[in-house]
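J.: Right, I'll just put the structure down here and ask away after.
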């Protein structure tokens, strides 16, 4: 009886193992019926000004996806929950999506406080997350189950700190900062870079329920800063601060987080107060065919363009990224999470060329802008 050499058996075993692995890799996990995708957005409170149009955008994207065959022949079904721009509410929403609806993928949260609370829940359940808005630097590398297709605030803060110190020659910048993870992230990123350059910051923070800012503004005015930076979570809060600045008769050099230039009504309605304000946004390319398609689809359904278009483009892209992930690896949280970190390279969407790094962050940043004549325009030195 002939006996094969041991090395032949080793080769056979390796071929079987590799072949089996390849079969598993190439065969996506099946979906039995509609593919459920959870969505967490702020749908009540001041931040609903984001949540409502962004719900419209994810629904438009999914309608388009389903009209073109869905995902591997299965329709995508959104289950949308209200995160209220609040960590506790978002955590409750995630528990419901994971434990009751049995989703493998969550789009959201939008606010940083939402995502920071949801990440440990999703990681424990091995559910993939993609956020189209959470920008706190605390989220960089937080979990293998979390990615975002919107840039970290570390880019926004760094860009503005360099302009303030180098171009404007400002040495002291005062912050009025809402006590949210997003607003704190902007302040921290700015302060770190500004301090490294030789500048100094002071910061007066306030809880989100505060509506009277006159004592804080008076205190900051008495410090005679070179500029005042408004770092808040929602346009409604920014509007109150601008109104009370006017009432106090204080017209400082202004800097602002990207929620202000993202709201055209806020900018045009407060043109005089915001004149000369320095800010930074994740830019849009209005020549991009997919961006134009998004705008046209929204206008056709709602009679107007979507607001906050720097955010809108990535909100719209998120379901399409999820579609491509599931088409590639199946409806499986761990597999989708891995794909999002390793395969999103030069992915083409409404936001242009999208790449997500191994740390889960979008590989790009903010561009500097200035508000002039009630319009947001590129900042030039």
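J.: At 7 Å along Cα-to-Cβ for each site, give me the label-to-label distance between residue 222 and residue 143 in nm.
T.: 4.5 nm
J.: Ok, one more. Quick one: compute the contact order of the chain, relative version, from alpha carbon pairs under 8 angstrom and 6+ residues apart, as a percent.
T.: Answer for the chain is 19 percent.
J.: For the residue pair residue 305 and residue 171, what label-to-label distance in nm results when each label sits 7 Å from Cα along the Cα-to-beta-carbon direction?
T.: 4.2 nm
J.: Right, another one. Of the residues 357, 69, 157, which exhibits the maximal mean-square fluctuation in a Gaussian network model of the chain defined by a 10 Å Cα contact cut-off?
T.: 69
J.: Using only the alpha-carbon atoms of segment 85-198, report the extent along each of the three principal axes, biggest first, to the nearest angstrom.
T.: The Cα atoms of segment 85-198 stretch 55, 23, 17 Å along the principal axes, largest first.
J.: To continue, here is another question. May I ask for the Kirkwood hydrodynamic radius of segment 154-281, worked out over all distinct Cα pairs and given in angstroms to one decimal?
T.: Computed over Cα pairs of segment 154-281, the Kirkwood hydrodynamic radius comes out at 14.3 Å.
J.: Just report the Cα centroid separation between segment 50-77 and segment 256-286, whole Å.
T.: Using only Cα atoms to place each centre, the spacing works out to 29 Å.
J.: On C-alpha positions alone, give me the angle between the axis of helix 6-26 and the longest principal axis of the chain, in degrees, nearest 10.
T.: 50 degrees
J.: Hey, what number do you get for the chain at 222 nm if only DSSP H runs of n ≥ 4 count, each worth -39500 (n - 2.57), divided across all residues, to the nearest 500?
T.: Calculated from helices alone, the mean residue ellipticity at 222 nm is -14500 deg cm²/dmol.
J.: Need the full-extension length gain, residue 247 to residue 195, defined as separation in residues times 0.36 nm minus the C-alpha distance. One decimal, nm.
T.: That pair, residue 247 and residue 195, stretches by 15.6 nm at full extension.
J.: Something else now. Name the residues of segment 49-68 whose amide N is less than 19 Å from a point 7 angstrom out from the Cα of residue 102 along the C-beta direction?
T.: Residues passing the 19 Å test: none.
J.: Now for a different question. Mind checking which of 160, 217, 57 has the largest fluctuation in a GNM of the chain, springs on alpha carbons under 10 Å?
T.: 217
J.: Looking at the chain, what % of its DSSP beta bridges pair antiparallel, to the nearest 5?
T.: In the chain, approximately 30 percent of DSSP beta bridges are antiparallel ones.
J.: So if we plug the beta-carbon distance of residue 380 and residue 273 into 1/(1 + (r/R0)^6) with R0 = 22 Å, what FRET efficiency do we get, rounded to 0.05?
T.: Working: r = 22 Å, r/R0 = 1.02.
Efficiency at R0 = 22 Å is approximately 0.50.
J.: Among rounded, prolate and oblate, which fits segment 240-304 when a ≥ b ≥ c are the square roots of the eigenvalues of its C-alpha gyration tensor, a/c under 1.5 means rounded, and a/b larger than b/c means prolate?
T.: Because a/c hits 1.5 or more and a/b exceeds b/c, segment 240-304 counts as prolate.
J.: Next question, about the same structure. Once Cα Rg over 2.2 N^0.38 Å is worked out from the coordinates, which option in (1) 0.97; (2) 0.91; (3) 1.11 does it equal?
T.: (3)
J.: Next question. Could you tell me how many degrees, from 0 to 90 and to the nearest 10, lie between the Cα long axis of helix 333-342 and the main elongation axis, the longest principal axis, of the Cα atoms of the chain?
T.: Approximately 70 degrees, to the nearest 10.
J.: Additional query: Taking the 0 to 90 degree range and rounding to the nearest ten, how far is the long axis of helix 153-162 tilted relative to the main principal axis of the chain, both from C-alpha atoms?
T.: On a 0 to 90 degree scale, this one is about 40.
J.: Which of 114, 204, 281 moves most in a GNM of the chain, Cα contacts under 10 Å?
T.: Looking only at 114, 204, 281, the biggest GNM fluctuation is shown by 204.
J.: Could you state the number of Å between the C-alpha centres of segment 289-313 and segment 124-141?
T.: 25 Å
Read-outs throughout are calculated quantities, based only on the coordinates presented, and are distinct from any laboratory measurement. Just so you know, these numbers come straight off a predicted model, no measurement behind them. All Cβ positions, glycine included, derive from the backbone under ideal geometry; neighbour counts span all protein chains shown.
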